[in-house]
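Visitor: Quick one: this structure, given as structure tokens, is what I'll be asking you about.
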Amino acid sequence: MKLIVGLGNPGIEYQFSPHNLGFLAIDRIASGLGVEVRNRQCRALTGRTTIGDETVLLVKPETFMNLSGLSVRELVQQYDAKPESDLIVIQDELDFPLGTLRIHTRRSSAGHNGIESIVGALGTQDFLRIRVGVAPEHKVRDGKDYLLSPMRKADLKVVDGVLDTVEDAVKAILKEGPAAAMNRFNRKEE
């Protein structure tokens, strides 16, 4: 079982905030596969599906971002998953421009509270991450306020496109392997 975990905060007020890009990505993947992410288990909403030859659990932790690790650890234990090969976490990344995407493994949390929680709960940094850029073109607001505030219409258009790319990246990781996916998606823009 592969665990695809999108990070975010539960609650309608956070639904379209930059910090919820992980949830939005899970919703996009689920929608594309005709799956609903609504089963409650291990403090998360989940939906089971197949991508390529892999059985996949799409996951949206309901613990709030800072405690995401509690839910992820329970799921890893329940499904006897190995973080280094069975876990993909989709996160927002304030260090990258809005609409960019990078696939990484074995990295520090870089101050991302959700990733910090998962690293602490699992006792390892060795899991795959899809980091989706959310940095605004002009940093007008304090980072935390920005991350939890609804995105502007123009930003949502950019996000709509990058969610398709995240879906493609997840499928590439599962069908072609992480190295091939990194080669394809981590290219610098010309």
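The values are calculated or read from the model by the stated rules, or taken from the named source; none is laboratory data. All of these numbers come straight from a predicted model, not from anything done at the bench. Cβ sites come from the backbone with ideal geometry, for glycine too, and all protein chains shown count toward neighbours. Keep in mind that these areas ignore ligands, DNA and RNA; they rest on the heavy atoms of the full protein, side chains included. Shrake-Rupley method; radii C 1.70, N 1.55, O 1.52, S 1.80 Å.
Visitor: Of the conditions (1) open to solvent by less than 60 Å² (accessible area, probe 1.4 Å); (2) hydrophobic (A, V, I, L, M, F, W, C); (3) more than 17 Å from residue 21 (Cβ to Cβ); (4) free of Cβ contacts under 8 Å to residues at least 60 places away in the same chain, residue 76 clears all except one; give me its number.
Guide: Status for residue 76: all satisfied but (4).
Visitor: Here's something else I'd like to know. How many residues are open to solvent by less than 70 Å² (accessible area, probe 1.4 Å) and over 18 Å from the mean Cα position of the chain (by Cα) when one looks only at region 171-190? Give the derivation first.
Guide: Pass one, region 171-190, residues open to solvent by less than 70 Å² (accessible area, probe 1.4 Å): 171-174, 177-178, 180-182, 185-186.
Of the ones still in play, those that are also over 18 Å from the mean Cα position of the chain (by Cα) are 180.
Counting residues in region 171-190 that are open to solvent by less than 70 Å² (accessible area, probe 1.4 Å) and over 18 Å from the mean Cα position of the chain (by Cα) gives 1.
Visitor: Just a yes or no: is a residue in region 19-40 in a strand (DSSP E or B) and open to solvent by less than 10 Å² (accessible area, probe 1.4 Å)? Show your work before the answer.
Guide: At the first step, the residues of region 19-40 found to be in a strand (DSSP E or B) are 39-40.
Among the residues that remain, those that are also open to solvent by less than 10 Å² (accessible area, probe 1.4 Å) are: none.
Within region 19-40, none of the residues are in a strand (DSSP E or B) and open to solvent by less than 10 Å² (accessible area, probe 1.4 Å).
Visitor: Any idea which residue in region 120-144 is nearest to the chain's Cα centre (by Cα), counting only those that are surrounded by 10 or more Cβ atoms within 10 Å (Cβ to Cβ) and modelled with pLDDT under 90?
Guide: Restricting to residues being surrounded by 10 or more Cβ atoms within 10 Å (Cβ to Cβ) and modelled with pLDDT under 90, the top hit is 135.
Visitor: Can I ask one more? Examine region 7-16 for a residue that is open to solvent by 40 Å² or more (accessible area, probe 1.4 Å), outside any loop (DSSP other than H, G, I, E, B), modelled with pLDDT of 95 or more and over 18 Å from residue 91 (Cβ atoms), and state whether such a residue exists.
Guide: There is no residue in region 7-16 that is open to solvent by 40 Å² or more (accessible area, probe 1.4 Å), outside any loop (DSSP other than H, G, I, E, B), modelled with pLDDT of 95 or more and over 18 Å from residue 91 (Cβ atoms).
Visitor: Would you confirm whether any residue within region 95-109 is part of a helix (DSSP H, G or I), aliphatic (A, V, I, L, M) and open to solvent by less than 70 Å² (accessible area, probe 1.4 Å)?
Guide: Keep residues of region 95-109 that are part of a helix (DSSP H, G or I), which gives none.
Within region 95-109, not a single residue is part of a helix (DSSP H, G or I), aliphatic (A, V, I, L, M) and open to solvent by less than 70 Å² (accessible area, probe 1.4 Å).
Visitor: Oh, and also: Based on what the data block shows, is residue 168 assigned to a loop (DSSP other than H, G, I, E, B) and open to solvent by 20 Å² or more (accessible area, probe 1.4 Å)? Before the answer, list the steps.
Guide: Values: assigned to a loop (DSSP other than H, G, I, E, B): no; open to solvent by 20 Å² or more (accessible area, probe 1.4 Å): yes.
Here the answer is no, as residue 168 does not meet what is asked.
Visitor: If you don't mind, another one. Go through region 41-64 and count every residue that is open to solvent by less than 10 Å² (accessible area, probe 1.4 Å) and either in a loop (DSSP other than H, G, I, E, B) or within 16 Å of residue 114 (Cα to Cα) (or both). Steps first, answer last, please.
Guide: As a first pass, look at region 41-64 and keep what is open to solvent by less than 10 Å² (accessible area, probe 1.4 Å): 44, 46-47, 51, 56-59, 61.
Filter again for either in a loop (DSSP other than H, G, I, E, B) or within 16 Å of residue 114 (Cα to Cα) (or both), leaving 44, 59, 61.
Count: 3.
Visitor: Among the listed residues 92, 86, identify the single one that is touching a Leu at 6+ places or on another chain (Cβ under 9 Å), touching a residue at least 60 places away in the same chain (Cβ under 8 Å), open to solvent by less than 10 Å² (accessible area, probe 1.4 Å) and acidic (Asp, Glu).
Guide: Values: 86 fails: open to solvent by less than 10 Å² (accessible area, probe 1.4 Å).
Matching residue, one of 92, 86: 92.
Visitor: Of everything in region 67-100, what is touching a Gly at 6+ places or on another chain (Cβ under 7 Å) and of a type outside the set (Ser, Thr, Tyr)? Give them in sequence order. Steps first, answer last, please.
Guide: Of region 67-100, the ones touching a Gly at 6+ places or on another chain (Cβ under 7 Å) are 68-69, 90-94, 96-100.
69, 90, 91, 92, 93, 94, 96, 97, 98, 99 - these are the residues of region 67-100 that are touching a Gly at 6+ places or on another chain (Cβ under 7 Å) and of a type outside the set (Ser, Thr, Tyr).
Visitor: When region 95-114 is examined, which residues are found to be on the phi > 0 side of the Ramachandran plot and in contact (Cβ under 8 Å) with a residue 12 or more places away in the chain?
Guide: Kept after step one, since they are on the phi > 0 side of the Ramachandran plot, are these residues of region 95-114: 99, 106, 110-111.
Once the filter is applied, which keeps residues that are on the phi > 0 side of the Ramachandran plot and in contact (Cβ under 8 Å) with a residue 12 or more places away in the chain, region 95-114 yields 99, 106, 110.
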